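Have a look at the structure below before the remarks.
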C-alpha cells in the first residue's frame, strides 16, 4: 500500500478513486508525465511541470490549478510518505478531463493524480530494437508532441518488436521516417554529431530530449530508415534510461 495525491488529498492507493464516467478512463482524454528523482532531488522539475501545463491545455483545454512550488511540495511529501527519498524514484502525474456529460463533451473539472514509486537506476547495457512500421505516428500533428494517455500505438509496436526477438520498438511516422522508441526519443550519431527528428515529424516533446538538444548542440533533421541503419551509433533516451545505446535487430 502507498499514498498518492488525488485532487488535493493524500489517500491510500487501494481506495476507489476514478469514476467510471471519467473521460480519462472512457475515452483516454488526458495526459501524463513521468519525472525522475534521485535521493529526493528532482531532475528537471520545472521542465516537467511546464510540460504538464502545456500538454493539459493542448489535449484537454484546461490546466491544473497548481503552481510549480505547490507541485514540488506535493512530490516531496509523497516521497517522504512512501519512503522514496533515497535512491531513484519515479513521480507520475496524470491529468484527465474528469467526469463529462457526454462522450467528447468539454471538460469542466480536471482529475489530477500524482503517485511516487521507487525505480531502478538507469541501465548501462545496450538495448536491442526492431523498426516497426505498422503503427505510424502522424507527421505534422500537434497532439503527437504531447504525452497523451493513449499509448495503444506504442503498446502494439512493442509487442510486434518482441515477436521479432527485440526488447523495444522503433516507430516510424506517416511519411515512413524514423520517429522514436515506444517510450523514448531517438538520437543517431553521424561523425560525432548527434541528430534527432524534429518535433513536426510527429515526435513526442520529451524533457530529456529537450535538454540533450540544448546541451549537446544536437541537429534536428528527418531520419530515414536508411539513415538510421547507416548511423555510427543509435541511442534511445527518456527520464529513466539516460542516453542508452541501441543495437538494431
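Values in this text are rule-based calculations from the coordinates and carry no lab data. Quick caveat: nothing in here was measured; it's all calculated off a predicted structure. Ideal geometry is used to build each Cβ from the backbone, glycine not excepted, and the neighbour counts take in all protein chains shown.
Here are some notes:
- Between 0 and 90°, nearest 10: helix 68-81 axis offset from the chain longest Cα axis: 80 degrees
- Paramagnetic reach from residue 108 (point 7 Å along Cα→Cβ, amide N under 15 Å) across region 4-28: 21-23
- Calculated FRET value between residue 162 and residue 124, using beta carbons and R₀ = 30 Å, to 0.05: 0.90
- Inter-part distance where region 172-207 and region 116-134 are each reduced to a Cα centre, Å: 16 Å
- The ellipsoid that matches the Cα gyration tensor of region 78-163 has semi-axes, each √(5λ) in whole angstrom, of 27, 27, 10, with the longest given first.
- Applying 0.36 nm per residue to the separation of residue 142 and residue 205 and subtracting their alpha-carbon distance, the gain on full extension is 21.7 nm.
- Between 0 and 90 degrees, the angle of helix 45-59 with respect to the longest Cα principal axis of the chain falls at about 90 degrees.
- Fraction of beta bridges assigned by DSSP in region 127-248 that are antiparallel (%, nearest 5): 65 percent
- A prolate overall shape is assigned to region 31-78, the ratio a/c of its alpha-carbon gyration tensor axes (a ≥ b ≥ c) being 1.5 or greater and a/b exceeding b/c.
- Angle in degrees between helix 152-163 and the longest Cα principal axis of the chain, rounded to the nearest 10: 50 degrees
- Distance between the C-alpha centres of region 69-112 and region 223-249: 31 Å, rounded to the whole angstrom.
- Kirkwood hydrodynamic radius (C-alpha pairs) into Stokes-Einstein, the chain, 10 °C and 1.306 mPa s, D in µm²/s: 84 µm²/s
- Cα-based Rg / Dmax (Å) for region 3-118: 14.1, 44
- The modelled label-to-label distance between residue 193 and residue 58, using points 7 Å beyond Cα along the C-beta direction, is 2.7 nm.
- Shape call, region 127-248: gyration tensor on alpha carbons, a/c limit 1.5: rounded
- Computed [θ] at 222 nm, helices only, for the chain once each DSSP H run of length n ≥ 4 contributes -39500 (n - 2.57): -7000 deg cm²/dmol
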